[in-house]
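> The following block contains the structure, expressed as structure tokens.
Since every read-out is calculated from the coordinates, none of them should be taken as a lab result. Keep in mind it's a predicted model, so treat the numbers as computed, not measured. When we count neighbours, we look across all protein chains shown, and the Cβ atoms used for this are built from the backbone with ideal geometry, even at glycine.
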């Protein structure tokens, strides 16, 4: 693109010739300026210019005259030759284009005549070809119509094939003609009628109904006198139609005759007759027989008769190309029918029926060899033979399935409470027996000490109903003393029901030995029990010492502590007493609590268990049914293994009846897998049902152990699985027992016992602890009739231990406790003291044996209102060994202000617990 010139630059004017200049001047002249002089000047200027131009031309010619002459001569020569050429061209054009004598018109005329002749020849040839092909089609159509009318259907189908080929190869001009369209429509109608006659001939020659198979060797065509053979009919049928008919025939034979005869008893009758036309007619009639009127072997005979009939009267008429494929198509359904409708359903459910069934299996194998492989020519896998080689496996699998289904029904059956029963086990002394083990010579002194100290634990609770009713329910539920006299067995109950306050009234406890914990209570409840261990500081358990000897809370005023003279007396009293089995540091010497499912192995004497030779627990009737079912499985497996009926077939590496015996452990695994899931809501809603499920699992585990001891050599193949089931059931029972007895979510409402000075918070904490107490008592009441006595105390003790441990952890975690808060916390702790009434027998409490945190919890409730001197004294005496040093340090820091006395006490605590109690 050129660079545009700026508009301000001068531009070169275009050169103008003379005429342009003159014309410009003329155009610029106006009417006023135009005159004769101006016009004459323009003419003169133009004449001058012409003269100058002529002079220049002359000068130019003169300057090069030879060249000018040469060019002039050449121009004249060219002009002459152009004239001659023009004359010749005009003459030639006249010769070519003249309408009369011109070459082009005459040539075009000849070509037109030739084209017309060629078109006429082509039209004649096309017409001849179309007419000749049309004549051929006409003759074929007439021949097809004649054969169809005469009933010669096979020949008609051959003509149809030829006629159809002729129609498809018709010339193009004939394809779209109306006569060809009419001929095609007439052919389709005639062909359809012929095929319909063939179908009718086939349906009258081969008839298959649910009760009869009819086969005729020849068939007379309707509306004609012609009879055609069945083989010709089958050969003349179109391939698609023949394939469809054979598929329907195979389906009907399999459904109405093969499957039917193998599923139920029937009788087969074959008959042959000759029709009026001379055709042979063969019939196979099937009649249902009464149920169970024949043995299964006769069904194979009926099937053999049917296959023989088909092989003799039907297969020979099929075209050779279809005969082999039709025979092969029958083999697979025949094998499956024999297996699925005869052998598999006939598998017996008892060992006594096996010989007859094995005879049937042998006949089925012979049937496969004679008919499926030989008659029908099948070369595939002998599935019946393979199945019969593993008939022992199939029998055991079926029986295993049936037995497992029976077990599943037992597991899912509704619980029948009337079928529950109690299982007796040898009485195992509880952990409380160790605490009560003492010589008979010391019993009077122990009773006197009990009467003296029965006001020592005056915890304020509301548990009379539990302590009064629990022993009676306990004895009724567990049946202790079954071998003892009725009067002797009832005596501990009467003693346990005597109110403790009446016993306390007969004694005058020394008021100087008590802390005054029960000063505010006029009477003692049945759950307010004496301290059986007389540790030297629990005689006066109701006193509520103030913080006069120390400073309570961070904001308290320091007061000089006074010596703990009363604690010295209590401590010396505890050291000299022989009426209890525990000294002050005894809580640290107690053995750790055993797991929930275990009890002490050693047999220790216990007054309240001396009459009990065994204890019992509740088990549902379902468990007994499962055990009986398992025993029946093992018995049946042993019978099968010892019968030797499969010894010739079974591989030596696989023991006989091993698959059947698997139903025994599988039934127990079904119970473990199904029952906890289907009954999960009921188990979660009822602790009693949950504990009973644990009992069921433990009972089943024990019974499986008994079955393991009674296994015979023929049933040892399931020993490992039964051992696993025993262990799994025991583990499930123990874990279910452990999960059921844990109760801790109710204490979440207490929110760590923070801000108990506020009445609303105190009411919430009090409500939470009351609910925990009620919950534990409710669980104890429900479990008492279900568990054995030892496990009952383990369960209740673990539940109480969980609650106490949670309260201990929450209170010991408080960073600061004021004097008023310590008093309220003390009141809250006294609510759970009523739990002691659940661990009473023969006027003896053994709560420490089953609730390891009981002493620690009891000490904590009193340490909340004790002085710093009292805490130091108890620590030196070894009475606080249940507390960790860090717990005591945190408690002292929370209770008392930062003073030199508190610092000295904390330093003493940090040195650790004393090795033993200080001797007086």
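> I'd like the distance between the alpha-carbon centres of region 379-408 and region 279-312, rounded to an integer number of Å.
Taking the Cα centre of region 279-312 as reference, the centre of region 379-408 is 27 Å away.
> Based on the Cβ-Cβ distance from residue 60 to residue 85, what FRET efficiency comes out when R0 is 30 Å, to the nearest 0.05?
For R0 = 30 Å, the calculated efficiency reads 0.40.
> Please compute the modelled spin-label separation between residue 370 and residue 295, points set 7 Å along Cα→Cβ, answer in nm with one decimal.
Reported label-point gap for residue 295 and residue 370 is 1.6 nm.
> Using a basic spin-label model with each label point 7 Å from the Cα along Cα→Cβ, how many nm lie between residue 184 and residue 357?
If labels sit at residue 184 and residue 357, their model points lie 6.6 nm apart.
> Estimate the FRET efficiency between residue 315 and residue 723 by the formula 1/(1 + (r/R0)^6), using the beta-carbon distance for r and 51 Å for R0, to the nearest 0.05.
0.25
> If you don't mind, there's one more thing I want to ask. Grab the Cα-Cα distance for residue 26 and residue 409, subtract it from 0.36 nm times how many residues apart they are, and report the gain in nm with one decimal.
Full extension from residue 26 to residue 409 adds 124.7 nm.
> How are the alpha carbon pair distances in region 238-389 distributed across 5 Å bins from zero to the largest one, expressed in percent?
1, 8, 17, 20, 19, 15, 9, 5, 3, 1, 0, 0
> Want the number for residue 416 to residue 126: 0.36 nm per residue separation, take away the alpha-carbon distance, what's left?
94.3 nm
> Separate question: Find the centroid of the Cα atoms in region 143-162 and in region 815-856, then give the distance between the two in whole Å.
If you average the Cα positions of each part, the centres end up 114 Å apart.
> Please list 113-120, 816-823, 698-705 highest first by mean number of surrounding beta-carbon atoms within 10 Å per residue.
698-705, 816-823, 113-120
> Give me the extension gain from residue 92 to residue 685: residue separation times 0.36 nm, minus the current Cα-Cα distance, reported in nm with one decimal.
200.7 nm
> With a 10 Å Cβ neighbour count serving as the proxy for reagent exposure, in which order, fewest first, do 158, 55 appear?
55, 158
> How far is it, in nm, from the label point at residue 904 to the one at residue 43 when both lie 7 Å from their Cα along the line to the Cβ?
16.1 nm
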